[in-house]
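Nothing in this text is a laboratory measurement; each read-out follows from the coordinates by a stated rule. Every value quoted in this text rests on a predicted model; they were computed, and no experiment measured them. As a convention, Cβ positions derive from the backbone with ideal geometry for all residues, glycine included, and neighbour counts pool all protein chains shown.
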Amino acid sequence: MQLSTTAAVITGGASGLGEATARHFAESGAQVTILDRDAERGPQVAAEISGYFAQTDVADEASVAAAIAQAKDKMGSITAAVNCAGIAIGAKTVGKDGPHPLDAFQRTIDINLVGTFNVSRLAAAEMAKNDPEPDGARGVIINTASIAAFDGQKGQAAYAASKGGVVGMTLPMARDLASSGIRVMAIAPGIFMTPMLAGLPEEVQQQLAADVPNPARLGDPLEYGRLAGFIVEMGYLNGEVIRIDGALRMR
């Protein structure tokens, strides 16, 4: 697969890692459809990259089905899906205000894990209809995990559980879809300069950056996007999780 001939759906493409990926893919010649809940920022980014936008709730089956159908109609096919949509909350299992709110845990799982699988399964169904390339390739799915899946910090039970689920389903999904020529990969980012972190005080950002062994800085979302682009083109990568974190191990 070549990025220049890719037709990609990218969730969470209105900001952060998803936006950087959408811009990188488009600059490399790919067709891009952004799937996002942000009906203001989403169309703006899509217009800037000459792409398409579909307002989408990734955890809702009908919403994603409609978005995938729209993307297929606009681009002619879907050959890549990059799942960047997600949320992060901070709450201890038992905190000063009592037990972890169950609805907050459930919502995190629904968006980060169920939403990722929801988009993946429906995108894969469309990819399976593609004519195979000479090596049999019909598509690639790239899901976003996190280093929290491996060493989540306190207050990250919900987030770490959701991302651990993304890690856990990577290999079985790759095996499920192998006969259809569809690869499945996951990227586990460390601490990146996303809008959420950009709103923190400068001293907090500097402390977070200082914890990263090398290079001692926060990740650039474009680095995520470039890795996603590499995965699209590197056809022998399949069923694996790649950490991109500057050797950070949280504790």
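Taking only Cα atoms, what is the 0 to 90° angle, nearest 10, from helix 115-127's long axis to the longest principal axis of the chain?
Tilt of helix 115-127: around 10 degrees.
Give, as a single signed number, the net charge of other residues whose beta carbon lies under 13 Å from the beta carbon of residue 156, with Lys and Arg counted +1 and Asp and Glu -1.
Value of the local net charge: +3.
Looking at the range 45-172, what % of the alpha carbon pairs are farther apart than 19 Å?
Pairs farther apart than 19 Å: 55 percent.
Based on DSSP, what percent of beta bridges with both residues in the chain are antiparallel, to the nearest 5?
Looking only at bridges with both residues in the chain, the antiparallel portion is about 5 percent.
From the phi of every residue in the range 131-147, what ³J(HN,Hα) in whole Hz does the Karplus formula 6.51 cos²θ - 1.76 cosθ + 1.60 yield, where θ is phi - 60° and glycine or proline is x?
5, x, 6, x, 8, x, 5, 10, x, 9, 10, 10, 9, 9, 9, 5, 5
Using Cα positions and a limit of under 27 Å, work out the lysines in reach of residue 72, with same-chain residues fewer than 8 apart set aside.
Within reach: 129.
Using a 7 Å offset from the Cα along the Cα-to-Cβ direction at both residue 88 and residue 104, what is the distance between the two label points in nm, to one decimal?
Calculated label separation equals 1.5 nm.
Based on the mean of other beta carbon atoms within 10 Å per residue, what is the order of 6-17, 223-234, 158-169, most packed first?
Details: 6-17: 27.3, 223-234: 19.8, 158-169: 21.3.
Descending mean neighbour count gives 6-17, 158-169, 223-234.
Taking the Cβ of residue 193 as the centre, find all other residues whose Cβ is under 11 Å away and add up their charges (Lys, Arg: +1; Asp, Glu: -1).
With Lys, Arg at +1 and Asp, Glu at -1, the neighbours total -1.
Given a Förster distance of 35 angstrom, what is the FRET efficiency for residue 234 paired with residue 69, based on the Cβ-Cβ distance and rounded to 0.05?
For residue 234 and residue 69, the calculated efficiency is 0.75.
Which residues among the range 69-100 fall inside the zone where the amide N is under 19 Å from a point 7 Å beyond the Cα of residue 223, along Cα→Cβ?
84
Just 194, 170, 108 to compare: in a GNM of the chain, with alpha carbon springs under 10 Å, which one fluctuates most?
194
May I ask you to sort 173, 75, 250 by Cβ crowding, counting other Cβ atoms within 10 Å and putting the fewest first?
So the residues, fewest neighbours to most, are 250, 75, 173.
The range 3-244: Rg/Rh from Cα coordinates, Kirkwood Rh?
0.96
For n ≥ 4 DSSP H runs only, could you compute -39500 (n - 2.57) per run for the chain, divide by its residues and tell me the 222 nm figure to the nearest 500?
When only DSSP H runs of four or more count, the value is -13000 deg cm²/dmol.
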